[in-house]
Amino acid sequence: MDKPRIVLGVSGGIAAYKACELLRRFTESGHDVRVVPTASALHFVGAATWSALSGNPVSAEVWDDVHEVPHVRIGQHADLVVVAPATADMLAKAAHGLADDLLTNTLLTARCPVVFAPAMHTEMWEHPATQENVATLRRRGAVVVEPAVGRLTGVDTGKGRLPDPAEIFEVCRRVLARGVAEPDLRGRHVVVSAGGTREPLDPVRFLGNRSSGKQGYALARTAAARGARVTLVSANAGLPDPAGVDVVRVGTAVQLREAVLKAAADADAVVMAAAVADFRPAAYASGKIKKKDGQDPDPIVLVRNPDILAEISADRARPGQVVVGFAAETDDVLANGRAKLARKGCDLLVVNEVGERKTFGSEENEAVVLGADGSETPVPHGPKEALADTVWDLVAGRLG
Ligand code: CTP
């Protein structure tokens, strides 16, 4: 089989050096990459680097190898075009269909999915001109990944950082795997909770659970690759931020509830993948609890936490909002799942059977997705992203 053909467009920002790592990830995983920098990008990273890392010729202009008509052929033959970093200037040119160099020509001739990973100063990103260009590109079907928040060039920090190359790679991998040029969740806002809550007993101890957060992160990543605006409410996951996802970090169930309700106010869908503690210690000791010689420890008194899934299902922030829950069961998986779906009042419930090597911390998963309409969608053993895509298929179907 031919290697998938990737065009890596690089525009002129300091983050151009990070595109070298993205390039390596593509080549090392069996992709044929043609790097198309802009003239300004070559001020940051030279053609020799791109050429050596990709094993392909590199040119920024349409005047090299004219007999091969590169300004048309490169785009026509691509399976995916990714522009990383995409500067404000590049987004403007792409939105307006300008074609004054090889990359902008390539963007006009490509008929495959296109991913932009913008990087610029916060002011430039937030400027209405840039925001309108981004909206135009998204409306036309491009995936424009939200920039990350953090240190920018110089001493300033804010939104505008290029997401981690490993995470841009994941977005591209998902877009390629689905083979669609139409991101079906574009214009949608989805909220995903992930990880496991921790309920503190004292400053050094907590009651927690074994959720790794991987399934929730896979849901966030796949939704972003399908064009959604994603808010990921993450409880103690310790995983890298998925590209293009707004991450809100929380610790306890009460904090998770607050963050989910806030984000759900304008959400089209809410997926509760987090393992939420049903109980928390009734009292918090502000000093470390010490053992006392010859005495039994005090019992831990627990109180109920709010049931967030039941609450958002019963009181939808928007008409037609789709609510999805998760259930980990050890026995009578389907019967317990059906009962839980009815009890929680959600639209879909992803039911996992938990066991020694299943679910917690694993890269893979296997589940049945139960629908309130009586449907039953089995998802065979496979990557957590495959299950995530099935969930989004079902959500997209319900959103109409
Ligand atoms: N959940 C929630 N708030 C809680 C507990 C759970 O929103 N306080 C959500 C989880 O995020 C998950 C779903 O509810 O999507 C299922 O949680 P689970 O604990 O399995 O359900 P319970 O109703 O607590 O059932 P069980 O009696 O099996 O613990």
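Observations on the structure shown:
- Averaging Cα coordinates gives a centre for region 68-100 and one for region 266-304; these two points are 53 Å apart.
- Carbon and sulfur %, accessible surface of region 5-178 computed with the full protein complex present, 1.4 Å: 53
- The separation of region 112-142 from region 306-345, counted between C-alpha centres, amounts to 36 Å.
- Dipole moment magnitude, nearest 20 debye, the chain about Cα centre, only Lys, Arg, Asp, Glu C-beta charged: 620
- Label zone (ASP202, point 7 Å along Cα-to-C-beta; backbone nitrogen cut-off 17 Å) within region 276-311: 281-302.
- Accessible-area value, ASP296, 1.4 Å probe, nucleic acids and ligands omitted, Å²: 140
- On a per residue basis, the chain carries 47 Å² of accessible surface, using protein heavy atoms and a 1.4 Å probe.
- Among complete DSSP H helices in the chain, none has alpha-carbon atoms stretching at least 27 Å along the helix's long axis together with a mean Kyte-Doolittle hydropathy reaching 0.0.
- Cα-based Kirkwood hydrodynamic radius, the chain, one decimal, Å: 22.7
- By accessible area with a 1.4 Å probe, ligands and nucleic acids excluded, highest first: order of GLU364, GLU146, GLU132: GLU132, GLU364, GLU146
The values are calculated or read from the model by the stated rules, or taken from the named source; none is laboratory data. Small disclaimer: the values here were computed from a predicted structure and weren't measured. Here the Cβ is made from the backbone with ideal geometry for all residues, glycine too, and neighbour counts use every protein chain on show. The accessibility values were calculated without ligands, DNA or RNA, using every heavy atom of the protein model including side chains. Shrake-Rupley method; radii C 1.70, N 1.55, O 1.52, S 1.80 Å.
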